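Right, one structure below, let's go through it.
The values are calculated or read from the model by the stated rules, or taken from the named source; none is laboratory data. What you see is a predicted model; the values in this text were computed from it and never measured. So basically every Cβ, Gly included, is an ideal-geometry build from the backbone, and we count neighbours across all protein chains shown. Accessible surface is based on the protein model in full, side chains and every heavy atom, while ligands, DNA and RNA are left aside. Shrake-Rupley method; radii C 1.70, N 1.55, O 1.52, S 1.80 Å.
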Amino acid sequence: MMTERIGFIGLGSLGLPMARNLMAAGYPLTVYNRTASKAAPLTAKGAMQAERPVDAVTPGGIVVSVLWDADAVDNVVDQNGFLDRLGPGGVHIAMCTGSPEAAKTLAARHAEKGCTYVEAPIFGRPEAAEAKALWIPFAGPAEAKERARPILTALGAQGVFDFGEEIGTATIVKLVGNFLIVSASNSLREAVTMARNSGVDAPAVIDMLTQTLFPAPIYQSYGKRLAEGGAAFGQSDIPAKDVGLFKDAAGKAKTQTPIAEMLLDLL
């Protein structure tokens, strides 16, 4: 049984199964969510519920946030002395997808209070969180990452990849990965539609191609979903948000992005 209480902020479609995994691994949790009722499945199993984000923080402890973007993280750490309470020795594992610059700014704000910001964006859908099949790149000071790694594994990572101490690098990895995912899913949708409209069995096409030329999880999972008539992302705003972030980051890196510009027109 783990003894360190973890603060957990953000119980959406990804955060809730991740928090469940932590509890199943023996971590006591104090949880916060803007819609308080979403904490009910966790409090029923013994989690403590915080009324404010700061109330989920233990001085010198670890807090995990699973929020929409860096602005949402910024709003949380701005509230009610959040960073003062986390204080010296505290570690904030932030799992949002934002810009590298925003991550660096947040890390600097934490350092001013003696606590540490670890960026750890997530690759994986809610069902991957349930199955403990997430992939997580992370970056930050080595000592903080040593504390963070077992927590990332417990909350559902099948692989944790260390991208060094410079904040922003893990975010770049996430933006690059999501750009490739959105590129692949749009290509798959076009290919599946062309096959179906030509009278060819689309599921059979995807089955063959993902066993031979494209035996990759993204092609397999998104291809199957599209071939069966589903949507790759549904009504999610995530693809447009993240491709936009990729394009902005590429511009700062003096990299041309004709494909990203095309995708933004399509999304």
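Here 108, 120, 128, 139 are screened, and the one residue that is closer than 17 Å to residue 74 by Cα, of a type outside the set (S, T, N, Q) and open to solvent by less than 30 Å² (accessible area, probe 1.4 Å) is 120. Listed here are the strands (runs of 3 or more DSSP E) enclosed by region 63-177 that have at least 1 residues being of a type in the set (Phe, Trp, Tyr): 116-119, 134-138, 157-162.
Would you confirm whether or not region 145-158 contains a residue that is open to solvent by 80 Å² or more (accessible area, probe 1.4 Å), farther than 24 Å from residue 68 by Cα and within 23 Å of the chain's Cα centre (by Cα)? Yes - at least one qualifying residue is present in region 145-158.
One residue stands out in region 221-235 among those that are outside any loop (DSSP other than H, G, I, E, B) and in contact (Cβ under 8 Å) with a residue 12 or more places away in the chain: the one that is surrounded by the most Cβ atoms within 10 Å (Cβ to Cβ), namely 223. The residues on offer are 238, 218, and the sole one that is open to solvent by 60 Å² or more (accessible area, probe 1.4 Å), under 30 Å from residue 119 (Cβ atoms) and among the β-branched types (Val, Ile, Thr) is 238.
Given the criteria in contact (Cβ under 8 Å) with a residue 24 or more places away in the chain, β-branched (Val, Ile, Thr), more than 26 Å from residue 13 (Cβ to Cβ) and touching a His at 6+ places or on another chain (Cβ under 9 Å), does residue 169 qualify?
On the way: in contact (Cβ under 8 Å) with a residue 24 or more places away in the chain: yes; β-branched (Val, Ile, Thr): yes; more than 26 Å from residue 13 (Cβ to Cβ): yes; touching a His at 6+ places or on another chain (Cβ under 9 Å): no.
No: the conditions fail for residue 169.
Checked against the criteria, residue 17 does not count as open to solvent by 10 Å² or more (accessible area, probe 1.4 Å) and either touching an Asp or Glu at 6+ places or on another chain (Cβ under 9 Å) or polar (S, T, N, Q) (or both). Selection of region 20-37 for residues being on the phi < 0 side of the Ramachandran plot and surrounded by fewer than 16 Cβ atoms within 10 Å (Cβ to Cβ) yields 24, 28, 34, 35, 36, 37.
Does at least one position in region 162-183 carry a residue that is under 23 Å from the mean Cα position of the chain (by Cα), surrounded by fewer than 15 Cβ atoms within 10 Å (Cβ to Cβ), modelled with pLDDT under 95 and among the acidic types (Asp, Glu)? Looking through region 162-183, none of the residues is under 23 Å from the mean Cα position of the chain (by Cα), surrounded by fewer than 15 Cβ atoms within 10 Å (Cβ to Cβ), modelled with pLDDT under 95 and among the acidic types (Asp, Glu).
Residue pairs whose Cβ atoms lie under 6 Å apart, sitting 6 or more positions apart in sequence or on different chains, and linking a residue in region 113-142 that is under 25 Å from residue 81 (Cα atoms) to a partner that is in a helix (DSSP H, G or I) and of a type in the set (Val, Ile, Thr), are 119/171; 139/169. When 91, 57, 64 are checked against the criterion of being modelled with pLDDT of 95 or more, within 20 Å of residue 12 (Cβ to Cβ) and touching a Lys or Arg at 6+ places or on another chain (Cβ under 6 Å), 57 stands alone in meeting it. Every listed requirement among (1) assigned to a helix (DSSP H, G or I); (2) free of Cβ contacts under 8 Å to residues at least 40 places away in the same chain; (3) open to solvent by 20 Å² or more (accessible area, probe 1.4 Å) is met by residue 54 save one, (3).
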